[in-house]
1. Can you tell me which residues in the stretch 205-249 are farther than 23 Å from residue 320 by Cα, at pLDDT below 75 and touching a Ser or Thr at 6+ places or on another chain (Cβ under 8 Å)?
2. Can you find a residue in the stretch 448-459 that is under 25 Å from residue 507 (Cα atoms) and in contact (Cβ under 8 Å) with a residue 40 or more places away in the chain?
3. Kindly indicate whether residue 414 is modelled with pLDDT under 85, open to solvent by less than 20 Å² (accessible area, probe 1.4 Å) and not in a helix (DSSP H, G or I).
4. Hey, can you tell me all the residues within the stretch 436-450 that are surrounded by 18 or more Cβ atoms within 10 Å (Cβ to Cβ) and in contact with a Cys (Cβ under 9 Å, 6 or more places away or on another chain)?
5. Tell me yes or no: at least one residue of the stretch 575-583 is assigned to a loop (DSSP other than H, G, I, E, B) and at pLDDT below 75.
6. Quick one: is residue 507 under 21 Å from residue 408 (Cα atoms), modelled with pLDDT under 90 and open to solvent by less than 60 Å² (accessible area, probe 1.4 Å)?
7. Provide a single number: the residues in the stretch 85-109 that are open to solvent by 10 Å² or more (accessible area, probe 1.4 Å) and either within 30 Å of residue 47 (Cα to Cα) or in a helix (DSSP H, G or I) (or both).
Amino acid sequence: MVEYNRFSVGNFTVQEQVTTGNFVIYLIELILCFFVVLANFMFLIVLFKAELLHRNLRIILFSTCLANALYATSRYFITIPLIIAYLFNSEISSVTFCWAAKSFHHLVLGVPGLTFFFVILERCIASYHYQTYEKHSFYQSGYLLVTLQWLTSLFIVVINQVDVANQPRPYSRLPCQIEYSTSRCLFFAIGLFTGLNIIACILFWKMTKFNRKLYKQRSWKLKTLSETFQVSENVKSIKILNPLLIVVLISNLIAMFIVGLQATLYLLVRETPEAERAALTKQLSIQIVGRGSEASQSYDIVSAISKLVFCYAIRSHPILNRKWCQIFSAGRKSSVAPSFAAKDRNEESDIHFDSLKLIYKMVEYNRFSVGNFTVQEQVTTGNFVIYLIELILCFFVVLANFMFLIVLFKAELLHRNLRIILFSTCLANALYAISRYFITIPLIIAYLFNFEISSVTFCWAAKSFHHLFLGVTSFTFFFVILERCIASYYYKTYEKNSFYQCGFLLVGIQWSISLFLCVLNQVDVFNQPRPYTRLPCQIEYTTSRCLFFAIGLNLILNLIAVILFLRMTKFNITLYKQRNFKLQTLSETFQVSENVKSIKILNPLLIVVLISNLIALFIIGLQATLYLLVRETPEAERAELTKQLSIQIVGRGSEASQSYDIVSAISKLIFCYVIRSHPILYRKWQQIFSKGSVSVVPVVKKELNPKEESDIYFDSLKDMWEMRTKL
């Protein structure tokens, strides 16, 4: 009867309370917040090393960058539970957790909002004390201003929490959707920020006028070199404060408008009688803010963008820009000795650019070519786009597989051996996706900032773990089929004797084979020279021989698994048809029935694994062939060969072979979807992650040993069978 909107009251499911508009905004925000954290942490390094910039200004900017990074991090704690609520109709957070996350979020949000005022205040102190500012340093004033900045934000948060405790909420929402703030405190914060920004604008205008007048009169008014330098520094600072002023004022105006609108709506809803509230909230949701309050939620997007623009604005300062280039630009890492001869600098620049032109004429970058390439050139735009897509997919791979780890851990009715193998595979899938982050993030930073943050040791370790987890998942189909074959051929005693050691033994063999391949590969890598140099995380720490060996082993095991699957299917179906006169006990009948049911899940699993394995084997085989071809080609002929390879087959950045990572991530998501089709796992999924299902309280509270668990499983199957025979 009641359609959901952000202000309405009704019995809504978890999933209904997060609209599609909210979900899209959350995804955009997560991507923006990743870049906010990255950019601000890089500027923390720049500010820490920019010793030529006055310490007080560095302290305030350092404090603001730290607050920006913490703000973006706090948004992850708020948005991820809401994304999970939308996708899986399950609430994983609590009111206490979300209250703490939002309180911290409000604290670190208030600090950047006060930055403009305190930066202007510090520059005013530097301007009016220009005669002694450099001599006496005034270092205490920087720490004092930063302390006042954080205390002001903390004061607003504390007042807000005191006021929240005395105000009832007119409607209930998900914990991370509740606004732990009151309209009075929001209006107070808007008024305070507006007043401080107006004061800052007046001080900025007065300071600009004062410094320009003093700079024009420097010939006769400034007596010492220290005074001249300080006034010159103050004038330079105005250049950075001009764009910063525009950025802060525009973002503050938008923020105040959106927050003011939100506070007005909450106040309006709170003061409206309950009888009239339904009609009012319907009008509000349709005409002003959207069903999920998307209009007010857009403030988070504006806030994230303003924090990225803030980094770009402060980079326009000459000292910070030079330090940025020294740290993050590969072409400018060497420090240049100070010289006042413009002619020398021009000649040096001409030589530098002429050498670059010569290099570009000789060799164009591709994945197999040899040349003096910058860090940024070695990651193409195609590589960058694939890395971004992969990061998003890997996030969902980790999420889905960790959720299935919980499902498998609690699905006691599924036979333990099958649970152990599926649990092992889900764990390997999640760890595989995490290992991809350690490999791709350094390459994304290399593309964006022309800077390499990783090392050969780090990337070698990351890729070794990546190969280990990848090998485990590729052998899953064979070992699942093997476990089901054991259950089929030992159907008379499988339930009674349980064979619990069998599951651990199969998983041990699965991981041991993958580990053996990794060790064999690393031994072979040490004996093979690399024909070209690349970024540490681009280097393939594998050899063609080991790749071909792994491909052959995988093909053989998959072929054996298919044959075993066909034989097992035929055997179980024949046995099930003859159950009335061939099966003597109830235990045998149940085991055969369970084996036939398992075939239903193995059919789609067979298709998924075979298709993904065939694509993977084709791409890896192509990659191994190309590396072998490049290695065996003489150096004199290698340039022309690599040019043909990059243009005709794999792309300049080897994008065709890199697409395997996308296929692998998608196949791991489909794997979770396929095993969810098993009836027992599906029911357990519904019990845990669906709000409408009622969780069953187990009668036995103590921890079960294998025999007790088997007895409970057997008794439940017996009851089910008796009910079925009565029907």
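1. 218, 222 - these are the residues of the stretch 205-249 that are farther than 23 Å from residue 320 by Cα, at pLDDT below 75 and touching a Ser or Thr at 6+ places or on another chain (Cβ under 8 Å).
2. Within the stretch 448-459 (the criterion being under 25 Å from residue 507 (Cα atoms) and in contact (Cβ under 8 Å) with a residue 40 or more places away in the chain), the answer is no, since none of the residues qualifies.
3. So residue 414 passes the test.
4. Hits for the stretch 436-450 are 436, 439, 440, 442, 443, 446.
5. The answer is yes, given that some residue of the stretch 575-583 is assigned to a loop (DSSP other than H, G, I, E, B) and at pLDDT below 75.
6. no
7. Matching residues across the stretch 85-109 total 16.
Yes or no, residue by residue, for (1) charged (D, E, K, R); (2) closer than 30 Å to residue 684 by Cβ; (3) at pLDDT below 85:
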site	(1), (2), (3)
19	no, yes, yes
27	no, yes, no
43	no, no, no
67	no, no, no
73	no, no, no
93	no, yes, yes
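The values are calculated or read from the model by the stated rules, or taken from the named source; none is laboratory data. The shown structure was predicted, so the numbers you read here are calculated from the model rather than taken from an experiment. In this analysis, Cβ positions are derived from the backbone assuming ideal geometry, glycine residues included, and neighbour counts consider all displayed protein chains. Remember, those area values only see protein heavy atoms, side chains included, never the ligands or the DNA or RNA. Shrake-Rupley method; radii C 1.70, N 1.55, O 1.52, S 1.80 Å.
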